[in-house]
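Notes to accompany the following structure.
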2 protein chains.
Amino acid sequence: MKFFSILILSLCLSAAGYATAPDQLKYIFATEFPVIGKGFTDTQGRYDRLPARLEGKTRPPVWHLSKNCSGLALRFRTNSPVIVARWEVTGDVTMNHFAPSGIKGLDLYCLKNGKWQFVNSARPAGKVTQTVIIDHMEGSDREYMLYLPLYDGLVSLEIGVDPSATVGPPQVDSPRREKPVVFYGTSITQGGCASRAGMSYPNQLSRMLDRQTINLGFSGNGQLDLEVAEAMAEIDASCFVIDCLPNVNVAQMNEKFVRFVEIIREKHPEVPILLVETILFPHMYFDQTVFSLLHEKNATLQKIYSGLKKRGDRQLYYMPAGKLIGADNEATVDGVHLTDLGFLRMSENLYPVIRKLIK
Amino acid sequence: MKFFSILILSLCLSAAGYATAPDQLKYIFATEFPVIGKGFTDTQGRYDRLPARLEGKTRPPVWHLSKNCSGLALRFRTNSPVIVARWEVTGDVTMNHFAPSGIKGLDLYCLKNGKWQFVNSARPAGKVTQTVIIDHMEGSDREYMLYLPLYDGLVSLEIGVDPSATVGPPQVDSPRREKPVVFYGTSITQGGCASRAGMSYPNQLSRMLDRQTINLGFSGNGQLDLEVAEAMAEIDASCFVIDCLPNVNVAQMNEKFVRFVEIIREKHPEVPILLVETILFPHMYFDQTVFSLLHEKNATLQKIYSGLKKRGDRQLYYMPAGKLIGADNEATVDGVHLTDLGFLRMSENLYPVIRKLIK
């Protein structure tokens with residue numbers, strides 16, 4: 001049966017009819033191209049999300065998750081009619097509510113008429129994958145952005161193009177290299193459970209705002225760790241978004257939230273900080289415990305916000321859950337984690353707010 | 001690293017805080033409850049989608065895919081504050097662009113104020129799973145619908161409830177048992193790649209129309225097999241929707257499409273038949289071969305439709321691809337298969353058309 005499914009899948013996809021043999025192409029190491037979406041330059045590996053000095057200083061799960069590539073993307077330019085990716089992931093992670101294409105696949109966008117447009121995703125075969133992302137293009141010179149895995153790390157990455165094609169670093173500054181927007185949060189912030197990397201809400205907002213976004217979402221571990229706030233405070237950001245409520249309880253919020261904000265504020269007296277309520281998990285309309293818990297957390301955040309405002313913080317902003325993910329209860333895979341549908345709604349609702357803050 | 005991811009995931013989900021121990025519940029075999037969405041009663045297994053006599057008469061992949069449960073749902077009623085599922089799948093299928101929750105998970109909805117509302121999904125652990133779907137409910141008597149796996153078969157299924165709860169067959173006729181809408185098609189019709197079963201477009205339309213839908217989508221194999229048309233013609237349907245273009249080439253269309261429609265029409269002279277163009281795969285805006293292929297198929301369908309109309313078929317209707325999945329190119333996981341976002345858009349666009357046809 002499994003064999004059959006694979007056979008059927010192959011048959012189904014053969015309709016796309018890729019013609020180019022990946023072995024006849026020339027391959028360029030990703031190290032030849034810039035990576036965008038990084039908050040820190042002093043990382044252990046090229047695709048890490050926290051500075052090297054945090055090893056042993058932050059909790060082990062935060063440290064390990066910082067080696068997932070969420071929010072990072074490779075920028076390049078080529079006139080090749082075919083684009084192939086060859087990559088190795090560190091963990092070969094699988095989850096039962098998350099498509100492998102989102103966990104450890106790649107996702108290619110192209111700049112067309114000044115907008116980033118989806119080209120195609122690279123679906124992972126396992127720890128090592130070589131696959132054609134797109135073929136039969138007209139061969140004009142174009143800017144590309146390749147999103148890296150949301151929930152896995154990268155050992156290596158190569159881009160394959162036609163042997164006669166030109167390929168090099170980008171010539172267009174998009175998303176613009178102005179001060180980035182920094183997102184701190186949970187599994188949802190990290191991109192669980194987008195079908196492909198480009199659909200996480202920070203990645204969508206990067207395209208909408210034409211601005212780099214830094215993803216500091218740590219699945220299950222957006223727990224207001226103060227050393228992470230200290231690292232964040234080093235980033236020359238246009239805005240900080242704190243969206244970690246699903247990962248903390250009320251006691252943790254009361255203990256650490258104000259200090260977390262203060263650490264950022266001390267280094268950035270005039271930069272907007274946006275506090276985001278926890279989204280209203282659809283299953284809370286049935287599970288009374290979840291209902292109470294979510295409302296208690298949002299009420300606590302409201303109090304923390306009011307307290308900080310009263311103390312004179314004039315650049316602190318508040319995003320109520322409201323209809324952040326819509327009102328039809330259909331935006332999640334499991335009552336908690338967003339699908340592409342939920343992420344699009346969340347991005348569309350956050351966009352006008354953040355755009356105003358960074359103007 | 002994998003261990004860590006699982007650990008982290010557990011931590012993350014423990015926020016939901018399920019309290020009930022599944023082993024203390026009472027379990028009821030799904031055979032106690034009606035299954036809806038079945039086109040045929042004379043099937044080999046309870047959760048099969050084609051009549052037993054088609055074994056050996058239809059192509060093996062079609063036959064094997066007919067044992068995937070897409071479109072089927074269990075209907076029951078209970079006042080239990082907790083609902084658990086215990087199920088075994090036949091294939092334990094995995095795919096690299098499809099979340100296991102959609103492939104082989106279950107998806108629970110509840111009738112609330114006359115509308116079906118998402119409760120929560122049951123995420124699969126492997127071939128056999130036992131998991132709490134929802135807990136801490138107030139314990140009022142409610143109607144439930146549990147969608148079965150989209151891309152796997154069922155060996156067995158049990159529903160666990162509180163030992164003191166009442167549980168039994170439904171008392172409300174929803175989705176109404178009027179003549180169903182029958183969908184014939186591809187992997188997309190079968191539900192690839194919804195995050196959970198309730199989000200396939202035929203399942204969404206069933207809720208929108210408050211009408212049973214029959215899913216005859218066969219991944220990679222919606223190839224106009226005439227014996228499938230003969231089986232379809234036996235269903236006392238309110239409307240037939242033919243949405244198989246991604247799985248056939250122009251030669252197959254010219255050879256078999258008219259006959260496929262005729263077989264249905266001979267038994268149903270007055271029933272609306274809706275022909276659906278292939279959705280415009282977003283990667284076609286880069287892959288010129290795919291672009292030509294899709295437009296050639298849709299032009300061929302237009303010709304077939306015009307020919308049949310000229311011959312006097314007054315109940316034949318046509319759905320152009322247009323903006324069936326939106327215009328932002330973000331509705332797919334891989335350029336071909338729809339995410340929940342694409343499926344919602346497709347459902348919202350098909351809904352007014354089909355509603356008019358079945359009035």
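Determine whether region A:295-308 contains at least one residue that is touching a residue at least 40 places away in the same chain (Cβ under 8 Å) and closer than 20 Å to A:Arg207 by Cβ.
no
Looking at B:Ile264 and the list (1) over 19 Å from the mean Cα position of the chain (by Cα); (2) touching a residue at least 60 places away in the same chain (Cβ under 8 Å); (3) closer than 18 Å to B:Arg311 by Cβ, which single condition is not satisfied?
That leaves (2) as the condition not met.
Surrounded by fewer than 24 Cβ atoms within 10 Å (Cβ to Cβ) and over 20 Å from A:Met319 (Cβ atoms), is that true of A:Glu266?
Details: surrounded by fewer than 24 Cβ atoms within 10 Å (Cβ to Cβ): yes; over 20 Å from A:Met319 (Cβ atoms): yes.
Considered against the rule, which asks whether it is surrounded by fewer than 24 Cβ atoms within 10 Å (Cβ to Cβ) and over 20 Å from A:Met319 (Cβ atoms), A:Glu266 comes out as yes.
Taking B:Asp135 as meeting all but one of (1) touching a residue at least 60 places away in the same chain (Cβ under 8 Å); (2) more than 8 Å from chain A (Cβ to nearest Cβ); (3) charged (D, E, K, R), write down the number of the exception.
Evaluating B:Asp135 over (1) touching a residue at least 60 places away in the same chain (Cβ under 8 Å); (2) more than 8 Å from chain A (Cβ to nearest Cβ); (3) charged (D, E, K, R) leaves (2) as the failure.
If B:Cys69 meets every condition in (1) farther than 25 Å from B:Trp116 by Cα; (2) assigned to a loop (DSSP other than H, G, I, E, B) apart from one, which number is that one?
(1)
Could you tell me whether any residue of region B:331-342 is over 19 Å from the mean Cα position of the chain (by Cα), on the phi < 0 side of the Ramachandran plot, modelled with pLDDT of 95 or more and not in a loop (DSSP other than H, G, I, E, B)?
Of the residues in region B:331-342, the ones over 19 Å from the mean Cα position of the chain (by Cα) are B:334-335.
Remaining after also requiring on the phi < 0 side of the Ramachandran plot: B:334.
Imposing the further condition that a residue be modelled with pLDDT of 95 or more reduces the set to B:334.
Right, trim to not in a loop (DSSP other than H, G, I, E, B) and you get none.
The answer is no; no qualifying residue exists.
So if I check each of B:Asn249, B:Asn215, which one is under 17 Å from the mean Cα position of the chain (by Cα), among the polar types (S, T, N, Q) and not assigned by TED's automatic domain parsing to the domain that holds B:Gly153?
B:Asn215
Within region B:291-302, does at least one residue satisfy the condition of being under 30 Å from A:Asn120 (Cα atoms), surrounded by 18 or more Cβ atoms within 10 Å (Cβ to Cβ) and within 20 Å of the chain's Cα centre (by Cα)?
There is no residue in region B:291-302 that is under 30 Å from A:Asn120 (Cα atoms), surrounded by 18 or more Cβ atoms within 10 Å (Cβ to Cβ) and within 20 Å of the chain's Cα centre (by Cα).
Inside region A:129-147, can you point out the residues that are more than 21 Å from A:Gly71 (Cα to Cα) and in a strand (DSSP E or B)? Before the answer, list the steps.
Within region A:129-147, the subset more than 21 Å from A:Gly71 (Cα to Cα) is A:130-132, A:134-142.
Residues satisfying the conditions are A:Gln130, A:Thr131, A:Val132, A:Ile134, A:Arg142.
Residues in region A:65-95 that are surrounded by 21 or more Cβ atoms within 10 Å (Cβ to Cβ) and closer than 21 Å to A:Leu224 by Cα: how many?
6
Would you mind stating whether B:Gly56 is modelled with pLDDT under 95, surrounded by fewer than 23 Cβ atoms within 10 Å (Cβ to Cβ) and at positive phi?
No: the conditions fail for B:Gly56.
Return the residues of region B:187-221 that are surrounded by 24 or more Cβ atoms within 10 Å (Cβ to Cβ) and in contact with an Asp or Glu (Cβ under 7 Å, 6 or more places away or on another chain); say none if nothing qualifies.
Scanning region B:187-221 gives B:Thr189, B:Ala194, B:Ser195, B:Arg196, B:Ala197, B:Gly198, B:Met199.
Which residues, taken from region B:97-127, are in a loop (DSSP other than H, G, I, E, B), facing another protein chain (nearest Cβ under 9 Å) and either touching a Cys at 6+ places or on another chain (Cβ under 7 Å) or surrounded by fewer than 22 Cβ atoms within 10 Å (Cβ to Cβ) (or both)?
B:His97, B:Ala99, B:Ala125, B:Gly126
I need the helices (runs of 4 or more DSSP H) fully contained in region A:148-261, keeping only those with at least 1 residues that are more than 14 Å from every other protein chain (Cβ to nearest Cβ) and modelled with pLDDT of 95 or more.
In region A:148-261, the matching helices (runs of 4 or more DSSP H) lie at A:201-209, A:226-232.
Within region B:303-317, can one find any residue that is more than 11 Å from every other protein chain (Cβ to nearest Cβ), over 20 Å from the mean Cα position of the chain (by Cα), crowded, with 16+ Cβ neighbours inside 10 Å and assigned to a strand (DSSP E or B)?
Applying the first criterion (more than 11 Å from every other protein chain (Cβ to nearest Cβ)) to region B:303-317 yields B:303-317.
When the remaining residues are screened for being over 20 Å from the mean Cα position of the chain (by Cα), the result is B:303-317.
Still in the list and also crowded, with 16+ Cβ neighbours inside 10 Å: B:304-305, B:308, B:313, B:316-317.
Restricting the remaining residues to those that are assigned to a strand (DSSP E or B) gives B:316-317.
The answer is yes, given that some residue of region B:303-317 is more than 11 Å from every other protein chain (Cβ to nearest Cβ), over 20 Å from the mean Cα position of the chain (by Cα), crowded, with 16+ Cβ neighbours inside 10 Å and assigned to a strand (DSSP E or B).
Just to be sure before I move on: is B:Ala125 under 24 Å from B:Leu25 (Cβ atoms), without any contact (Cβ under 8 Å) to a residue 12 or more places away in the chain and hydrophobic (A, V, I, L, M, F, W, C) in the structure I sent? Show your work before the answer.
Numbers: under 24 Å from B:Leu25 (Cβ atoms): yes; without any contact (Cβ under 8 Å) to a residue 12 or more places away in the chain: yes; hydrophobic (A, V, I, L, M, F, W, C): yes.
The answer is yes for B:Ala125.
The values are calculated or read from the model by the stated rules, or taken from the named source; none is laboratory data. These numbers were taken from a predicted model, which means no experiment stands behind them. Quick reminder, even Gly has a Cβ in these numbers, built from the backbone with ideal geometry, and neighbours come from all protein chains shown.
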